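These notes concern the structure reproduced below.
The values are calculated or read from the model by the stated rules, or taken from the named source; none is laboratory data. The structure presented is a predicted model; accordingly, all values stated were derived computationally and were not measured. When we count neighbours, we look across all protein chains shown, and the Cβ atoms used for this are built from the backbone with ideal geometry, even at glycine.
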Amino acid sequence: MTTQVETTTPSAVLDRVSLVLDAFDGPGRLTLAQIVRRTGLPRSSAHRMLERLVQLRWLRRQGRDYELGMRLVELGSLAVHQDRLHRAALPFLHELHRVTGQVVHLAVLDGSDVVFLEKIGGRMAAAIPTRVGGRYPAHCTAVGKALLGFATDGELDAVDADLLARKTKYSISTGAALRTELAKVRAHGIAFEREESVPGFSCVAAPIGNIGEAVAAVSICGPVTSMRLDHQLAAPVRMTAMGIWRNVDGGALRVQPTLQQRSRPLLGGPTAVRPRSAVAAAPQDLQYA
């Protein structure tokens, strides 16, 4: 009996901690009552766990409200900045922002959502409600459609075509429309989004990796009034994705599983190219109707 308790108790504790931390998936603070409702834990157990997490600096308490603590911020930052894909991509992302003047995102696929690993954009970035570590439904975003278009059958199975929630009136809401869109992405290697996730903004994205191997996607986003969704914008995005793919040192890479359900290998490519040349080069044969 004692052995069984010793082997199961740690797992149960970790499950409860995970429930509590997952309750904070979104902006703002939470009260004890809100955490109890979201987790289903007994009030006394939730309170004891919250206070212990405050002591460990995983959470922070202000009055009767709780919020994520600095220790989680520190660990999350380490998880992103230690990731080889992020390190390989960062100079290319900055150069893409410099060349286009638009907000740049780097994102990975996590089930039916995308999770953002990086966001670069200066003052315009504040107008787009995305954040590092945040997530959006993949079918509503250019980065999500880029990844789904190059995804494996198993990854596509995670997207329920019957439950495509809309973020705006322009969001894709049917499986047929999504399949049509993903076929274009697969054929052209580029994805467009027209006010499907944020009103007033459009995005252009490209997958990083080959069909069935894409580990991330890169995009530029800006006001619809300044974003012409054609090859002139698509070319630097696509070349940036190619540059990141080639710039991974040592060839093989797995994205850290802190932000993904499954890690996937980034296979080796040609010799690394410099960020400036990767973004500045613009193939003339890229067209997406």
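When V104 is tested against (1) of a type outside the set (S, T, N, Q); (2) closer than 24 Å to W245 by Cβ; (3) assigned to a loop (DSSP other than H, G, I, E, B), just one condition goes unmet, and that condition is (3). Screening D153 with (1) at pLDDT 90 or above; (2) charged (D, E, K, R); (3) within 25 Å of N210 (Cα to Cα) gives one miss only, at (1).
Summed over segment 191-236, the residues that are closer than 20 Å to R87 by Cα and not in a loop (DSSP other than H, G, I, E, B) give a count of 10. Taking L90, is it aliphatic (A, V, I, L, M), over 30 Å from V215 (Cβ atoms) and part of a helix (DSSP H, G or I)? Taking the combined requirement at face value, the residue does not satisfy it.
Among the residues of this structure, S18 counts as one that is outside any loop (DSSP other than H, G, I, E, B), without any contact (Cβ under 8 Å) to a residue 12 or more places away in the chain, among the polar types (S, T, N, Q) and surrounded by fewer than 15 Cβ atoms within 10 Å (Cβ to Cβ).
Within 12 Å of the chain's Cα centre (by Cα) and in the same structural domain as M227 (by TED's automatic domain parsing): does that describe G134?
Numbers: within 12 Å of the chain's Cα centre (by Cα): yes; in the same structural domain as M227 (by TED's automatic domain parsing): yes.
Judged against the criteria, G134 is a match.
The residues listed here are G133, G144; of these, the one that is crowded, with 23+ Cβ neighbours inside 10 Å, out of contact with any Pro (no Cβ under 6 Å at 6 or more places or on another chain) and not in a strand (DSSP E or B) is G144. Checking E67, E51 one by one, the residue that is touching a strand residue (DSSP E or B) at 6+ places or on another chain (Cβ under 9 Å), assigned to a strand (DSSP E or B) and modelled with pLDDT of 85 or more is E67 and no other. Just checking, does segment 161-171 include any residue being surrounded by fewer than 24 Cβ atoms within 10 Å (Cβ to Cβ), within 29 Å of N247 (Cβ to Cβ) and hydrophobic (A, V, I, L, M, F, W, C)? No.
Evaluate the following for L156: is it outside any loop (DSSP other than H, G, I, E, B), over 16 Å from V204 (Cα atoms) and in the same structural domain as P236 (by TED's automatic domain parsing)? Show your work before the answer.
Details: outside any loop (DSSP other than H, G, I, E, B): yes; over 16 Å from V204 (Cα atoms): yes; in the same structural domain as P236 (by TED's automatic domain parsing): yes.
Criteria met by L156.
Contact map, segment 89-117: residues that are at positive phi paired with residues that are surrounded by fewer than 24 Cβ atoms within 10 Å (Cβ to Cβ) and among the aliphatic types (A, V, I, L, M), Cβ distance under 9 Å, separation 6+ or inter-chain. Pairs shown: G101/M124; G111/A158; G111/V159.
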